[in-house]
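Colleague: Provided herewith is a single structure, encoded as structure tokens, for subsequent inquiry.
The values are calculated or read from the model by the stated rules, or taken from the named source; none is laboratory data. Everything quoted here is computed from the prediction, not taken from an experiment. Cβ placement follows ideal geometry from the backbone for every residue including glycine, while neighbour counts extend to all protein chains displayed. Each accessible area value is taken on the protein alone, full model and side chains, heavy atoms only, with ligands, DNA and RNA left out. Shrake-Rupley method; radii C 1.70, N 1.55, O 1.52, S 1.80 Å.
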Amino acid sequence: MNENMVNMMNALEDQAIVDPRSGPIAMRLNNVSVAFNGRMAVRDVTFDVPANNVTALIGPSGSGKTTLLRSLNRLHDLTKGAKVTGEILLGDEDIYSGGIAPTVLRSRIGMVFQRPNPFPTMSLYDNVVSGLRFNGVKKKSILDAAAEESLRAAALWDEIKDRLKAHGSTLSGGQQQRLCIARALAVEPEVLLMDEPTSALDPIATQKIEELISQLKARVTIVIVTHNMQQAARVSDLTAFLLMGEDRAGEQIEVAPTLKLFSQPDDPRTMDYIQGRFG
Amino acid sequence: MVVAANSSQTAAGAEGRRPSASARGAYEWTLLVVASLFGIVSVWFVGTIIWQSVSTFQSQGLYLLTGVNWVPGAGTGQPSQYGGRAMIIGTIETSLIAMVIAVVIGTGTALAINFFVPQKMKTFVATVVELLAAVPSVVYGVWGMLVLAPWFLNTIGPFLSSLPGGTAVLGTTVAGKSLLLAGIVLAIMVLPTYVAISREVIGAVPHELVEASLSLGATRWQTLWRTVIPTARIGLFGATSLSLGRAIGETVAVSLVCGGSVGTTFKPLEPGVTIAGWIATQWGEAVGSDQIGALFALGAILMVVSLAMSMFSRRLVAQQRRAAAVV
Amino acid sequence: MTQITSSSEQITSGEIRAHLRERSAATLRRRIFVSKVMTVFCWAAIVLAAIPLVALLLRLFVKGIPVLLKSGFFTQLPQQPTLFDQTNTGGVSNAIIGTIAMIVYATLASVPIGIIVGIYTAESDSKFASVIRVIASTMVGAPSILMGLFAFGVIVVQLKLGFSILAGSFALSVLMLPVLISSTEIAVRNVPTTLREAGLALGAKPSTTSLRIVLPAATTGIVTGAILAISRAVGETAPILLVIGGAYAITWKPNDPGSALSVSMYQDVSSSYDSLRDQAWGIGLLLVLVIFVLSFAARIWAARKQKVQR
């Protein structure tokens, strides 16, 4: 076989798998590193987050995937001694440049957490509209419309529309997590970060959330951290694989369209991981 | 077999499943008898204070609550007059002043310790706060009397009086010692206690809620005010009621700085009295006369109020906690 | 309020988004400004809280140390200053002995009872136990001067034993009891259930399990609680003031009238002599030092014990 043939075959294969990054890009990461008190936790991550797609961050624990995710909406600002370097662009703006107030940034980049965390003192309704209220919305008609709209988007409306005054604690874990998704969607973010959103849920609730994620990407760009490779394969379009380097800092091993990464990864370490040899 | 059955229960359950007297050994009897002894002491405590005040309640009636004169009749041939209005209002006024200051500054301090003070200093600050909570109240009183009172007399008092309407509302200070000063000394005294508790309950608010709130575009203050404080409200209420209890019942610190005169105007800059402080200052001259009963009667009022408050807040906290426990 | 009317259907998601963006932008500056102001307020609060407390401690040390260093402060009996010798205040030996005596008697009386009742409320969940529990936790918040009234009513009036060290100790022990009960209960409850179950599963009687397994595991908490209760009693003034009687002699005897450091401090500060007022600072410093040492000891001891147990 001559070299031309090999190139041709590779080209054919690349064509079969559409790279979502060929479309519009929501966020760009350029050499992003995160350090805590001078100790590197994530080093030199560079990839693009395609708009209206699901990007999964996978890797064994300690690979810095959650740390990386939290740098995308500046949650590390809260931690003294945390330092994010490199460039993270939302559209054309560097989110750490000072051009966007962190408050505004976080209403444009929402987040859903590992464990469902509805505000315990608020009713379901108040939970959903809390973000709008934080952002200064007072008009009841808008709040009502937004509550219904985002609850519908989170596939929770039919289940709770008759008891919006109840507290979050009356919901099941899966419902609570969908409430949190509705709460995040209500502020109309451009990007939604999800930090292992199903790790505290049972299989059925997990399945519902996964279906929801697939539906939501038409509306919002999603970046999801998951320790569950099947989940990444099921829901995501692009996958970034991180691994802990020698100095215990997470490094980016491979970023590829999900189908490709799980079928024919370029890096042998990716193959080892998806075949369950470590992590 | 019984043991095996018990072992699958929780400890409390295991104890609860042995109600029959026959199962009680020396150990169980000792516990029960000593606990009953404590029960008896507490009933005796309430009974003694009520018993000693009965004669005053009978002779003074409602005058004890509303009367303005405190005139022992011994040796004058006149009937004694024991009106507690000044003490009751003084107690309320000083406690209110103290609580407003302590809750506002204390909550701000607790928030700052939890969210703004560098991690390394937190333990240090927390230890210092807890140590300060152990400083005896008489020390606060002495400091208030020897340091704050002169300062009040020469600087703060005249300044406050010179404000528009200051004299009309606040009055004029004559010795520095006043209800306002007493309230401030009380606030300084209860602050460490309030901060120690509220720091802990605010620290117990799950960090995930803080992050959720920020991730919705809330500012730092919106997060503290609309998420953290509401979530911690049960504990903050507990801290408030405990501090209020201390303020209402404080004796020596107040009696050294309140001025000690039975007034009728209750302007903050003028001297006044509180129930506990009055008991302490009158005690020496009251022993052996019917005034002792009147002081006991004041003590009974204090007891009823503080016990009722403590029971009420316990119940409210328990209720809230049960409601929150559904989470 | 939360009934969402059908009219809301007419508001499109585009309108919601537009309104949200507009409101968010319109309120942003104000929200950030308020947040900054309130951050400054929190810092100001911590400073405002610290200033008087630091000032108090500073003054206490500056004024108190010379008094503590004065010869005879610890060893001499008090002396009333006269117009000719205004500085000679003697010492506070009688008050030191009085405080120690009262604390010792009160500790002997209240610590065993408090610990036993605390164990009872922790281990039993009978109706009676919960009544005792409520009483104890209610009494923790009772104003201390009421214990003085109680001691007067019992020791002076009912038992006719007179104003005495005994009456003071009685007041202090009633004051310490509920604190001891609560701290013991918490310490016993904090012992892991598995430990107790292990004992029961081995076939030990519940009482043996409590005495041999649960109590040793709870010792740290119980002792720490006891030390803190004692340190609280050391500086207590109001209840003792009513029943101690006052004495210018050194005495340990329970039925003698006595004196106490806190009461001496209270009385000295009301004096018209500067020398006595200064002495009050010294007594205050002594009290604070004793209390700090006690609470530090309790902390360090608890921390070390915990480390050993791990």
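Colleague: Quick query: amide H of C:Ser259 versus all other amide H atoms, modeled in the peptide plane; which residues come in under 5 Å with a sequence gap of 5 or more or a different chain?
Modeller: C:Gly98, C:Ala247
Colleague: Name the residue, out of C:Thr237, C:Thr209, C:Thr194, whose mean-square fluctuation peaks in a Gaussian network model built on chain C with Cα pairs under 10 Å.
Modeller: Per the Cα network of chain C with a 10 Å cutoff, C:Thr194 tops the list.
Colleague: Over 32 Å between Cα atoms, which of A:Lys83/A:Lys161; B:Lys177/C:Lys253; A:Lys83/A:Lys217; A:Lys80/C:Lys307; A:Lys217/B:Lys120; A:Lys65/A:Lys138 qualify?
Modeller: Table pairs above 32 Å Cα-Cα are A:Lys83/A:Lys161; B:Lys177/C:Lys253; A:Lys217/B:Lys120; A:Lys65/A:Lys138.
Colleague: Evaluate E = 1/(1 + (r/R0)^6) for A:Ile204 and C:Leu68, where r is the Cβ-Cβ distance and R0 equals 41 Å; express this FRET efficiency to the nearest 0.05.
Modeller: 0.05
Colleague: If you roll a 1.4 Å probe over the heavy atoms of the protein chains, what accessible area per residue do you get for the stretch C:97-251, in Å²?
Modeller: 34 Å²
Colleague: In sequence order, what are the phi-derived ³J(HN,Hα) couplings for the stretch B:80-95 according to the Karplus relation 6.51 cos²θ - 1.76 cosθ + 1.60 with θ = phi - 60°, rounded to whole Hz, with x for glycine and proline?
Modeller: 5, 10, 10, x, x, 4, 4, 5, 5, 5, x, 4, 4, 5, 5, 5
Colleague: Taking just the C-alpha trace of the stretch C:97-251, give me its Rg and Dmax in Å.
Modeller: Computed over the Cα atoms of the stretch C:97-251, radius of gyration and Dmax are 17.7, 61 Å.
Colleague: I would also like to ask the following. Taking only protein heavy atoms and a 1.4 Å probe, what accessible area per residue, in Å², does chain A have with all protein chains in place?
Modeller: Computed with neighbouring chains in place, this is 41 Å² per residue.
Colleague: Here's another thing I want to ask about it. Tell me the net charge near B:Val228. Cut-off is 13 Å between Cβ atoms, B:Val228 excluded, with +1 for each Lys or Arg and -1 for each Asp or Glu.
Modeller: Here the charged neighbours net out to +2.
Colleague: Over the Cα atoms of the stretch B:86-325, each weighted equally, I'd like the Debye log10 I(q)/I(0) at q = 0.10, 0.11, 0.17 Å⁻¹, rounded to two decimals.
Modeller: -0.56, -0.66, -1.21
Colleague: Right, another one. To the nearest 100 Å², how much accessible surface do chains C and B hide from each other in total, with a 1.4 Å probe? All intermediate terms of the calculation are to be shown ahead of the outcome.
Modeller: Working: alone 18920 and 18160 Å², together 29660 Å².
In total, this chain pair buries about 7400 Å².
Colleague: Would you calculate a helix-derived [θ] at 222 nm for the protein assembly as shown, using -39,500 (n - 2.57) for each DSSP H run of n ≥ 4 and dividing by the full residue count, to the nearest 500?
Modeller: Numbers: 37 runs with 542 residues, N = 916.
For the protein assembly as shown, the value works out to -19500 deg cm²/dmol.
Colleague: Computed on alpha carbon atoms, what radius of gyration and Dmax characterise the stretch A:138-199, expressed in Å?
Modeller: 11.9, 36
Colleague: Using modelled backbone amide H atoms (1.01 Å from N, in-plane), which distant-in-sequence or interchain residues come within less than 5 Å of C:Gly90's amide H?
Modeller: Those qualifying (amide H under 5 Å, at least 5 residues apart or on another chain) are C:Gln79.
Colleague: Taking each residue of B:26-37 in turn, how many C-beta atoms of other protein chains fall within 10 Å of its C-beta, and what is the average?
Modeller: 6
Colleague: Which of the peptides B:261-274, B:122-135 is most tightly packed, and how do the rest follow, judged by the mean count of other Cβ atoms within 10 Å per residue?
Modeller: The densest-packed peptide leads the list: B:261-274, B:122-135.
Colleague: Additional query: Using only the alpha carbons of the protein assembly as shown, what is the convex hull's orientation-averaged projected area in square nanometres?
Modeller: 49.0 nm²
Colleague: Then there is this: Where the accessible area of the protein assembly as shown is counted over protein heavy atoms with a 1.4 Å probe, how much of it, in %, is carbon and sulfur?
Modeller: Of all accessible area on the protein assembly as shown, carbon and sulfur atoms account for 62 percent.
Colleague: Enter the mean number of other protein chain beta carbons within 10 Å of the beta carbon of each residue in C:281-293, as an integer. Display every interim value, and only then the final one.
Modeller: Values: counts 4, 0, 3, 8, 1, 0, 4, 6, 0, 1, 5, 4, 0.
For this peptide, the per-residue mean of nearby foreign Cβ atoms is 3.
Colleague: What average number of partner chain Cβ atoms lie no more than 10 Å from the Cβ of the residues making up C:235-245?
Modeller: Per residue, the average neighbour count from other chains is 5.
Colleague: Oh, and also: Would you please put A:259-265, A:122-128 in order of how densely packed they are, using the mean number of other Cβ atoms within 10 angstrom per residue and starting with the highest?
Modeller: Highest mean packing first, the order is A:122-128, A:259-265.
Colleague: Oh, and also: Along the stretch C:44-49, what does the Karplus equation 6.51 cos²θ - 1.76 cosθ + 1.60 (θ = phi - 60°) give for ³J(HN,Hα), rounded to whole Hz, x for Gly and Pro?
Modeller: Running phi through 6.51 cos²θ - 1.76 cosθ + 1.60 with θ = phi - 60° gives 4, 4, 5, 5, 4, 6 Hz.
Colleague: Related question: With everything on Cα atoms, drop me the angle between helix C:93-123 and the longest principal axis of chain C, reported from 0 to 90° to the nearest 10.
Modeller: 40 degrees
Colleague: Determine, from the Cβ-Cβ distance of C:Glu22 and A:Arg248 and an R0 of 56 Å, the FRET efficiency 1/(1 + (r/R0)^6), rounded to the nearest 0.05.
Modeller: Working: r = 46 Å, r/R0 = 0.82.
Taking R0 as 56 Å, the efficiency between C:Glu22 and A:Arg248 is 0.75.
Colleague: Let me ask something additional. Hey, for a label at B:Leu163 modelled as a point 7 Å past Cα toward Cβ, could you say which residues of the stretch B:119-157 have their backbone N under 15 Å away?
Modeller: B:155-157
Colleague: Rank by packing, highest mean first: peptides C:46-58, A:185-197, C:163-175, C:81-93, with packing defined as the count of other Cβ atoms within 10 Å averaged across residues.
Modeller: Most protected by this proxy first, the peptides run C:163-175, A:185-197, C:46-58, C:81-93.
Colleague: What angle do you read, to the nearest 10 degrees and between 0 and 90, between the alpha-carbon axis of helix C:165-189 and the longest principal axis of chain C?
Modeller: Approximately 30 degrees, to the nearest 10.
Colleague: Could you derive backbone 3J(HN,Hα) for the stretch B:70-78 from the dihedral phi with the Karplus parameters 6.51, -1.76 and 1.60 (θ = phi - 60°), listing whole Hz in sequence and x where the residue is Gly or Pro?
Modeller: So the J values, rounded to whole Hz, are 10, 10, x, x, 4, x, 9, x, 8.
Colleague: Here's something else I'd like to know. Using the alpha-carbon centroid of each, what span in Å lies between the stretch A:224-279 and the stretch A:116-143?
Modeller: 37 Å
Colleague: Another question about this same structure. At a threshold of 8 angstrom on Cα-Cα distance, excluding pairs fewer than six apart, so keeping six or more, what relative contact order does chain A reach in percent? Don't skip to the end; give the middle numbers.
Modeller: Working: 528 pairs, mean separation 75.2, N = 279.
Relative contact order here is 27 percent.
Colleague: Using 7 Å Cα-to-Cβ label points, what is the C:Ala249/A:Ser22 separation (nm, one decimal)?
Modeller: Placing both labels 7 Å beyond Cα along the Cβ direction yields 10.8 nm.
Colleague: OK, next. Name the residues whose placed amide hydrogens come within less than 5 Å of the amide hydrogen of A:Val225, ignoring near sequence neighbours (fewer than 5 apart) on the same chain.
Modeller: Amide H neighbours of A:Val225: A:Leu57, A:Met194, A:Asp195, A:Glu196.
Colleague: Could you state how much accessible area is buried at the B-A interface, both sides summed, with a 1.4 Å probe, in Å² to the nearest 100?
Modeller: Interface area, both chains combined: 2100 Å², rounded to the nearest 100.
Colleague: Give me the Debye-computed log₁₀ of I(q)/I(0) at q = 0.12, 0.14 Å⁻¹ for chain C, equal point scatterers on Cα only, no solvent, two decimals.
Modeller: -0.92, -1.10
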